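Report on one structure; see the data block that follows.
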Amino acid sequence: MENFFGKEIRLGILRGGQLGRMLLQPCMNFGIIPHIMDIDESAPARPYCHQFSCGDAGNYDDVYRFGKGLDAVTLEIEHVNLDALQQLQHDGVNVFPDPTLIEIVQDKGLQKQFYRDRGLPTADFFLVDSVKEWMQTDIAFPVVQKARREGYDGRGVAILNDPQDLGRAIDSPSVIETRVDIKKEISVLVARNQAGQVSTFPAVEMVFHDGVQMLDYLFAPARIPANQGREAVALAERLAREVGLVGLLAVEMFVTADDRILINEIAPRPHNSGHHTIEACRTSQFEQHIRSIFNLPLGSTELIAPAVMVNIVGEPGHSGPVAYIGIEPFLELPGVYIHRYGKKITRPHRKMGHVTVVRDSLDEALEIAQHIKEEVKAISCQSQS
Ligand code: ADP
């Protein structure tokens, strides 16, 4: 955008969850006026934005009305109405990420086909329209079935070990992937601006909660050999160019037992695997997103110190008005940064906040993070509602 600092810029952000909320900090720093739209009247970003509109990001009219007249529109989640974004773009609103990229990301089938067409490494797969169609094919188990649309945080994913598991299969158009022997799950955040400048954050490692596909710990940097880290970064940069990225892209990858790196999936926005960047890197992922969509020089992604990030998720067995317990003692420790998302209601495994621990070594940070995980909880406490 021409003369960014010479005029007032109004940015629309589709959805106001924790990602939208954290995008508001760099908006404030850069003097951008943020508008948020979310279906939830008490969305986490609402108290801190300039203007809040209640609307459905999947609805054409709501998205179009929201974006019309703004300087730029971006998003915190890819499940949004594409036609409205295309129309806004046609009307002269800057829309980032580009709707053609959002279209690919909304459909895991298109995503996988994109990797295959471009020779980008990914697990082998085929596409099916229904379980019935699938039962007629001769497949080699184990496989991972992924609903093509609307899946996230492990919802819409089923690991099927043998034909008996077909009873658990999801009955919707799906990607059927070969099950990979995963050594590590890593992620690289890459940003690209319109001028073509590309910048990546060092690879991080994600450790997931058993049984529930929620991030337990994030390690920055990833505990992988340096050459593997470079390979992952190079792959993310290649992908950014292949998709013509403008904005931020999270590239989730697997390191396989035989040390290959495969792309799992991408998200064209700030991501849970980049929360540590707020305190641990010279530039946060949220600021980098803002810089990239406004064609500003990208910031340094250098990791200042090792960090471990823990999500605070709703305690199993607790649903209702939230109360956080166990936080205060950790505030006395240097390098511990708490983020409370301001959601009023907790549910089992709902993302309610996160804590980043920045220390001189990853081991030291992990030790504190483990205590945080055990002691900090989001529970329901009706009396505190
Ligand atoms: P979501 O979009 O819901 O996060 P993912 O595609 O990331 O879904 O899959 C969720 C998890 O399932 C991954 O983090 C990984 O642990 C596991 N998984 C996905 N694909 C495979 C695969 N091909 N082989 C083995 N495990 C897989």
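Worth a mention:
- The range 90-145, residues that are over 28 Å from Ile182 (Cα atoms) and basic (Lys, Arg): Lys132
- Filtered residue count, the range 52-87, keeping only those that are farther than 13 Å from Ile102 by Cβ and touching a Phe, Trp or Tyr at 6+ places or on another chain (Cβ under 8 Å): 4
- Lys146 closer than 29 Å to Leu14 by Cβ, part of a helix (DSSP H, G or I) and within 11 Å of the ligand (Cβ to nearest atom): no
- Of all the criteria given as (1) among the hydrophobic types (A, V, I, L, M, F, W, C); (2) within 16 Å of the ligand (Cβ to nearest atom); (3) closer than 28 Å to Ala191 by Cα, the one not satisfied by Leu127 is (3).
- In the range 145-156, the residue that is farthest from the chain's Cα centre (by Cα) out of those that are surrounded by 14 or more Cβ atoms within 10 Å (Cβ to Cβ) and not aliphatic (A, V, I, L, M) is Gln145.
- The range 157-182, residues that are of a type outside the set (A, V, I, L, M, F, W, C) and either in a strand (DSSP E or B) or surrounded by 18 or more Cβ atoms within 10 Å (Cβ to Cβ) (or both): Ser174, Glu177, Thr178
- Close pairs from the range 49-68: first basic (Lys, Arg), partner in a strand (DSSP E or B), Cβ under 8 Å, at least 6 apart: Arg65/Ser53
- All positions within the range 184-197 that are away from the ligand (no atom under 16 Å from the Cβ) and either surrounded by fewer than 18 Cβ atoms within 10 Å (Cβ to Cβ) or outside any loop (DSSP other than H, G, I, E, B) (or both): Val190, Ala191, Arg192, Gln194, Ala195, Gly196, Gln197
- Entirely in the range 245-342, the strands (runs of 3 or more DSSP E) that have 3 or more residues that are touching a residue at least 40 places away in the same chain (Cβ under 8 Å) and farther than 30 Å from Gly6 by Cβ: 247-256, 261-267, 307-313, 320-325
- Filtered residue count, the range 146-175, keeping only those that are farther than 30 Å from Glu76 by Cα and touching a helix residue (DSSP H, G or I) at 6+ places or on another chain (Cβ under 8 Å): 2
- Of the helices (runs of 4 or more DSSP H) contained entirely in the range 1-103, those carrying at least 2 residues that are out of contact with any Leu (no Cβ under 7 Å at 6 or more places or on another chain) and crowded, with 21+ Cβ neighbours inside 10 Å fall at 18-30, 82-90.
Matching residues to (1) more than 20 Å from Ala203 (Cβ to Cβ); (2) β-branched (Val, Ile, Thr); (3) surrounded by fewer than 20 Cβ atoms within 10 Å (Cβ to Cβ):
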residue	(1), (2), (3)
Arg291	yes, no, no
Pro297	yes, no, yes
Pro306	no, no, no
Leu331	yes, no, yes
Arg340	yes, no, yes
Val357	no, yes, no
Ser380	yes, no, yes
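- Among the criteria (1) within 15 Å of the ligand (Cβ to nearest atom); (2) surrounded by 20 or more Cβ atoms within 10 Å (Cβ to Cβ), the one Arg116 does not fulfil is (2).
- With respect to the conditions (1) more than 26 Å from His209 (Cβ to Cβ); (2) within 16 Å of the ligand (Cβ to nearest atom), Lys108 lacks only one, and its number is (1).
- Filter pass, Ala222 being modelled with pLDDT of 95 or more, away from the ligand (no atom under 15 Å from the Cβ) and buried (at least 20 other Cβ atoms within 10 Å of the Cβ): no
- Set Glu279, Glu252: member being acidic (Asp, Glu), within 16 Å of the ligand (Cβ to nearest atom) and at negative phi: Glu252
- Residues that are more than 23 Å from Pro268 (Cα to Cα) and charged (D, E, K, R) were ranked within the range 149-183; the one that is nearest to the ligand (Cβ to nearest atom) is Arg179.
- Just one of the listed residues (Thr74, Thr122) is within 11 Å of the ligand (Cβ to nearest atom) and polar (S, T, N, Q), and it is Thr122.
- Of all residue pairs spaced 6 or more apart or on separate chains, those with beta-carbon atoms under 6 Å, a first member in the range 156-179 that is on the phi > 0 side of the Ramachandran plot and a second member that is assigned to a strand (DSSP E or B) and within 15 Å of the ligand (Cβ to nearest atom) are Gly156/Ala147.
The values are calculated or read from the model by the stated rules, or taken from the named source; none is laboratory data. If you're wondering where the values come from, they're calculated on a predicted model, not measured in any experiment. All Cβ positions, even for glycine, are placed from backbone atoms using ideal geometry, and neighbour counts span all protein chains on display.
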